[in-house]
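Each remark here refers to the structure printed beneath this line.
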Amino acid sequence: MRIVIHENYLSISKWTAHYIAKKINDFAPTKENPFILGLPTGSSPIGTYDELVAMYNAGEISFKNVITFNMDEYVNIAETHPESYHYFMNKYFFSHIDIPKENINILDGNASDLDKECEEYEEKIKKVGGINLFLGGIGPDGHIAFNEPGSSLNSRTRVKTLTHDTILANARFFDNDHKKVPKTALTVGVGTVMDADEVIILVSGYNKATALKKVVEEGVNHMWTVSALQMHKKGIIVCDDEATMDLTVGTVKYFKDIEKGDIE
Ligand code: GLP
């Protein structure tokens, strides 16, 4: 597992956006051979989306031949609701770039048959040949997408009940009223993410420090589902200094030393 540590949110956002853009450009996607990108919501990726949009505006990257799959979506909230992940993606990313509408895939939390919706999502991913690069965030309890503590590390896309912790963490987006936060969501599984050729996890801020410690310095554990990344052939954690506060000095120094020459 590669750990890239930079000073702050802005620098990890820039690094990640440039890394993703380079991957897409090197792949040189075409309509027949598109690049498949997995994407998250949350505050962690907003800076990365901003930088990718800036690069698009500067003519440095195009998303015309990119197909995206989002990680998750709440159940039973309108796509037009400002806290729906459909709304979020459009607001921060899709409305600013040249991605064709038909290339965007987001789970439908209002589908009449939610299990079928999840099965079909997995099928769709398979049909396009799998995900080249999955970008993700991390919950303070170490979850990826909505794979809450205790989720099987082999899990696939499914309906998931949110933990009290996640509901409280997300209440800030729902007028600070935890009763307004949806109690269930559709989410790709840990296995779905781990099937990607490459996975990048963004970790920013002191409130993620415990999770980062568990995921980097302790073992693979279904109570901290991002720790599955330790088993991935190409997993990268991109974190800022604040997020490293609970790591040992030795761990931080080791990974900083390795990255000195930087990149690719
Ligand atoms: C939610 C999302 C996750 C995200 C997490 C952290 O639980 N389902 O995909 O990683 O929030 O969000 P933030 O980046 O805002 O801390």
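Couple of notes before you dig in:
- Normalised by the number of residues in the chain, the mean separation of alpha-carbon contacts (under 8 Å, six or more apart) gives a relative contact order of 24 percent.
- The average projected area of segment 1-43, computed from the convex hull of its Cα atoms over all directions, is 4.2 nm².
- Radius 12 Å from Cβ of TYR74, net charge of other residues (Lys, Arg +1; Asp, Glu -1): -2
- Cross-link partners of LYS183 among lysines (Cα-Cα below 25 Å; sequence separation of 8 or more within a chain): LYS91, LYS116, LYS160, LYS208
- By the count of other C-beta atoms within 10 Å, a proxy for reagent exposure, ASP241, ASP195 are ordered fewest to most as ASP241, ASP195.
- q = 0.11, 0.16, 0.21, 0.22 Å⁻¹, segment 1-114: log10 I(q)/I(0) [Debye, one scatterer per Cα]: -0.38, -0.79, -1.22, -1.29
- Exposure proxy order (Cβ contacts within 10 Å, fewest to most) of TYR254, TYR19, TYR87: TYR254, TYR87, TYR19
- Fluctuation leader among ALA78, ALA21, ALA58 - the chain, Gaussian network, Cα springs under 10 angstrom: ALA58
- Measure of compaction for the chain (Cα Rg per 2.2 N^0.38 Å): 0.95
Since every read-out is calculated from the coordinates, none of them should be taken as a lab result. Computed from a predicted model, the values in this text were never measured in an experiment. Counting neighbours? That spans all protein chains shown, and the Cβs are built from the backbone with ideal geometry, glycine included.
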